[in-house]
Amino acid sequence: MTTALETAKDRFSDLSSTTVGRRSVAVVKSLGAFAAVVLVCRVVFDAPYSIIVNGLALGSLYGLIGAGVILIYRTNRIINFAAAGLGAIPAVAGVLLIVNKGVTWFLAFPLAVVGGAVLGGLVDIVVIRRFAKAPRLILVVVTIGISQLLAFIALFLPRWIAPPGGNKGAFISEVKTPFLHLTAKIGHQTFSGDYPFALIAVTVLVAGLAAFFRFTRIGIALRAAAENSDRASLLGIPVRRVGTVAWILAGGFAAVTIFLRSTLVGVPLDGTLGPIVLLYALAAAVIGKMESVPVCLGAGVAIGMLDQASVSKTGKNSLAGAIMLVLILGALLLQRGSLSRAQDSGVSSFSAMKEFRPIPSELRSMREVVAVKTVLSVLLAALLLVAPLVLGPGRLSRATPILIYGIIAVSVVILTGWAGQISLGQFGFVGVGALVGGGLAASHNIDFFVAIVAGTLAGAVVAVLVGVPALRIQGLYLAVTTLAFASTVSGYLLDPRYPARKFFFPATGTSRIERPMLLQRIDMSQDRNYYYLCLVFLVLVLLSARSYRRNRAGRILIAMRDNSRAAPAYAINLSRNRLAAFAMSGAFAALGGVLLAYEQGAVDQSSYGIGPSILIFTAVVIGGVTSLPGAVFGAILIQSLRIYGETYVKGLSLLVTGPGLVLVLLFLPGGIAEGAFKVRDGFLRWVANRHDILVPSLLADKRVETGDDQQDVITSAEHHVEEQESFDISTAPSIVCPSCGVTLALRDAAEHEHLRPGEPGEPALVGGGAPADGGGRRRLARARDGRR
């Protein structure tokens with residue numbers, strides 16, 4: 001390995017000077033950006049210097065998590081959505097040990113850091129390596145499942161490390177540290193020594209990371225693998241082991257970040273931090289081009305200051321989500337060249353989606369197939385129609401959102417499964433539909449169907465506006481952008497203090513959205529009637545999406561998804577068709593939003609944020625991201641567990657979308673739909689064999705000779721080859737000339753005067769020079785067959 005590392009060091013030695021130059025430029029840019037951010041905080045948000053200092057400390061911690069995101073991206077070409085969760089469990093456990101068990105800081109802090117590093121390494125060895133050859137999209141979804149599992153574990157940390165007889169629902173506002181008594185006053189706020197310690201710790205870790213990359217063997221190997229993993233592997237560098245080191249560092253950085261953040265702002269005793277920390281870290285990493293740790297650190301500082309300034313101005317960090325969207329879009333649109341190069345090095349595998357073939361035309365009319373389809377359809381229809389009678393009035397009100405989630409799942413299939421555009425912010429479009437349709441219904445009492453049309457069109461228009469930057473932003477960068485979009489919708493557009501919400505809900509307070517009386521006889525205020533109405537909309541959406549997929553527009557989406565570079569050669573307009581996919585997906589999602597607003601009777605911010613967006617995405621992946629029935633089934637399953645299962649098992653939905661998601665993708669990358677289609681194909685093969693029908697689409701992939709038949713075929717082929725190789729023309733059979741009766745060897749027959757071919761354009765002569773008519777040809781054939 002020494003030789004390989006020396007070769008790699010020589011290969012990448014020219015990067016040192018280039019990196020130093022880039023870092024110098026990055027430092028200058030960071031200082032200028034820092035001054036600009038301070039000016040914005042002071043002028044726009046009117047934030048005091050104490051708030052800016054507070055944001056400076058917190059932002060440096062966000063940048064440190066972003067550095068961990070960059071490490072994983074550079075080695076695995078994925079965005080690690082478990083970046084914050086890796087450190088949450090050991091860090092929160094360490095804080096709880098200090099507060100509840102009286103453990104000293106000098107013991108708890110090292111335990112938290114080591115625990116984060118060990119947890120990161122275990123995640124790579126136990127989970128990530130199992131998906132080494134899987135499409136990158138699958139691996140990204142696996143990291144989401146890991147984050148859900150970690151959140152499930154963190155949910156029970158307060159019970160495991162509870163104070164003796166203490167209040168388990170309290171909020172930890174102060175953690176005893178060695179620096180707590182060192183205070184300084186800036187403005188009206190007193191800062192403890194934990195603030196400068198956090199800045200010093202981040203600076204030391206970043207400097208140590210730079211030294212690690214430059215002077216250590218494993219650091220040089222990690223740089224080589226990050227630059228080009230295939231070439232590094234050819235040089236003998238153990239790329240997998242290097243990837244484990246990256247996960248260890250990412251886990252350690254996350255643990256340091258969460259622990260130090262806890263000493264500054266406190267930690268809620270449920271052990272979860274919410275998605276906002278992850279969003280800040282992802283924004284910092286994207287601004288750093290997924291490659292520059294110093295730029296990422298500077299971006300994290302800026303994000304922290306803007307976040308704290310918005311909190312001091314509005315009392316909430318909801319405005320920070322809109323700021324993140326602007327920062328991410330600006331950074332991505334300015335960095336298009338570097339992103340394209342990254343996509344060429346492996347990100348194109350994000351479009352690898354598993355397609356399922358329809359029932360072959362040869363078997364569609366068979367009585368067994370028709371009977372099974374009929375029975376399954378009747379059972380499904382009966383289940384959905386009888387559900388209101390079984391659930392009763394109390395539970396029925398919670399069943400209707402399940403159907404609405406099925407409609408939203410269809411929108412995810414169109415945009416992600418068919419168009420290949422990874423969207424983690426689908427509930428942003430849902431929120432737009434709820435805001436427009438629900439607002440018009442509450443404030444102007446418009447007709448129900450007019451509200452449906454208005455909300456649906458608003459969702460389509462906003463989706464197109466989001467899709468315009470998506471023409472230049474592809475892959476995981478679009479996923480981060482849509483995540484910020486969902487945060488913007490829930491935190492800004494739906495906030496009653498901002499203009500968008502006030503425009504549609506001008507009345508003060510919460511306006512009630514009343515369900516209508518359809519056709520002057522069907523009262524939608526009854527839960528049963530509204531359930532059936534949502535069921536009708538779900539069926540209509542499924543039929544529309546199915547028709548869209550079978551037509552030319554749907555086939556174009558699949559072509560663009562599978563090979564976006566070859567598609568224009570067939571006169572396919574990528575921009576127009578991608579925007580059409582965004583529009584249709586946004587329209588269906590917004591339709592679900594209007595129905596959800598009528599079901600809830602109001603527009604609640606918490607129902608349209610990052611959490612529900614990630615939940616619906618994971619549910620669709622579990623069901624099958626390219627299959628309409630699979631996606632709807634996955635959404636109904638996860639939502640049912642979340643609504644009904646949480647009553648009996650706390651955190652059940654996290655358990656299913658965590659380890660359940662990982663297990664499903666490990667054995668069925670295409671989701672539950674893949675298993676269902678495998679069972680269906682097995683049944684179809686049985687039907688084909690029973691009726692002795694050859695169906696190439698079903699049997700081609702199973703046509704493998706086994707046992708004695710395979711041995712006979714191989715043996716016959718070997719004998720045939722041996723006979724050909726042992727053929728000797730000198731011992732070949734002889735023939736008799738039909739004209740003169742002379743016996744000729746096969747090799748001399750062509751030169752015999754009676755058998756010699758004629759000149760070009762003349763007939764061959766047989767026997768006395770007569771033209772070789774039909775009889776002559778037959779005599780020549782008999783002569784050649786006359787063997788001794």
Mind checking whether some residue in region 318-336 is of a type outside the set (Phe, Trp, Tyr), modelled with pLDDT of 55 or more and under 30 Å from PHE667 (Cβ atoms)?
no
In region 226-270, residues that are open to solvent by 10 Å² or more (accessible area, probe 1.4 Å), among the hydroxyl-bearing types (Ser, Thr, Tyr), at pLDDT 85 or above and under 27 Å from the mean Cα position of the chain (by Cα) total 1
Pairing a residue in region 439-454 that is touching a residue at least 12 places away in the same chain (Cβ under 8 Å) with any residue that is of a type in the set (Lys, Arg) and assigned to a helix (DSSP H, G or I), where Cβ atoms lie under 9 Å and the two sit 6 or more apart in sequence or on different chains, gives GLY439/ARG501
How many residues of region 391-431 are farther than 22 Å from LEU557 by Cβ and in contact with a Leu (Cβ under 7 Å, 6 or more places away or on another chain)? The answer is 5
Taking region 466-484 and keeping residues farther than 19 Å from GLY609 by Cα, open to solvent by less than 10 Å² (accessible area, probe 1.4 Å) and in contact with a Ser or Thr (Cβ under 7 Å, 6 or more places away or on another chain) leaves ILE473
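If you check VAL620 against the conditions, is it open to solvent by 10 Å² or more (accessible area, probe 1.4 Å), within 23 Å of the chain's Cα centre (by Cα), modelled with pLDDT of 90 or more and β-branched (Val, Ile, Thr)?
Values: open to solvent by 10 Å² or more (accessible area, probe 1.4 Å): no; within 23 Å of the chain's Cα centre (by Cα): yes; modelled with pLDDT of 90 or more: yes; β-branched (Val, Ile, Thr): yes.
When the stated conditions are applied, VAL620 does not pass them.
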Apart from one, (1) within 21 Å of the chain's Cα centre (by Cα); (2) within 20 Å of ARG241 (Cα to Cα) all hold for GLY145; the odd one out is (2)
Going through (1) over 27 Å from LEU383 (Cβ atoms); (2) open to solvent by less than 20 Å² (accessible area, probe 1.4 Å); (3) within 18 Å of the chain's Cα centre (by Cα) one by one, TYR608 fails only at (3)
Here the residues within region 69-123 that are open to solvent by less than 10 Å² (accessible area, probe 1.4 Å) and β-branched (Val, Ile, Thr) are VAL69, ILE70, ILE72, ILE78, ILE79, VAL92, VAL95
Residues in region 570-587: is at least one of a type outside the set (A, V, I, L, M, F, W, C) and within 30 Å of ARG497 (Cβ to Cβ)?
yes
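So which of ALA382, ALA399 ends up being in contact with a helix residue (DSSP H, G or I) (Cβ under 7 Å, 6 or more places away or on another chain) and open to solvent by less than 70 Å² (accessible area, probe 1.4 Å)? Write out each step before concluding.
Working: ALA382 fails: in contact with a helix residue (DSSP H, G or I) (Cβ under 7 Å, 6 or more places away or on another chain).
Just a single option satisfies the conditions, and that option is ALA399.
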Within region 670-695, of all residues that are open to solvent by 20 Å² or more (accessible area, probe 1.4 Å) and β-branched (Val, Ile, Thr), the one nearest to LEU376 (Cα to Cα) is VAL679
Scanning region 35-90 for residues that are polar (S, T, N, Q) and not in a helix (DSSP H, G or I) gives ASN80
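Residue-wise test of (1) closer than 30 Å to GLY392 by Cα; (2) under 21 Å from the mean Cα position of the chain (by Cα); (3) not β-branched (Val, Ile, Thr).
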{"site": "ARG472", "(1), (2), (3)": "no, yes, yes"}
{"site": "GLY475", "(1), (2), (3)": "no, yes, yes"}
{"site": "LEU493", "(1), (2), (3)": "no, no, yes"}
{"site": "LEU519", "(1), (2), (3)": "yes, no, yes"}
{"site": "ASP527", "(1), (2), (3)": "yes, no, yes"}
{"site": "LEU540", "(1), (2), (3)": "yes, no, yes"}
{"site": "ARG550", "(1), (2), (3)": "no, no, yes"}
{"site": "ILE558", "(1), (2), (3)": "no, yes, no"}
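The values are calculated or read from the model by the stated rules, or taken from the named source; none is laboratory data. Not measured: the values here are computed from a predicted model. Don't worry about glycine lacking a Cβ; one is built from the backbone with ideal geometry, like all the others, and counts go over all protein chains shown. In case anyone asks, the SASA skips ligands and DNA or RNA and just uses the protein heavy atoms, side chains included. Shrake-Rupley method; radii C 1.70, N 1.55, O 1.52, S 1.80 Å.
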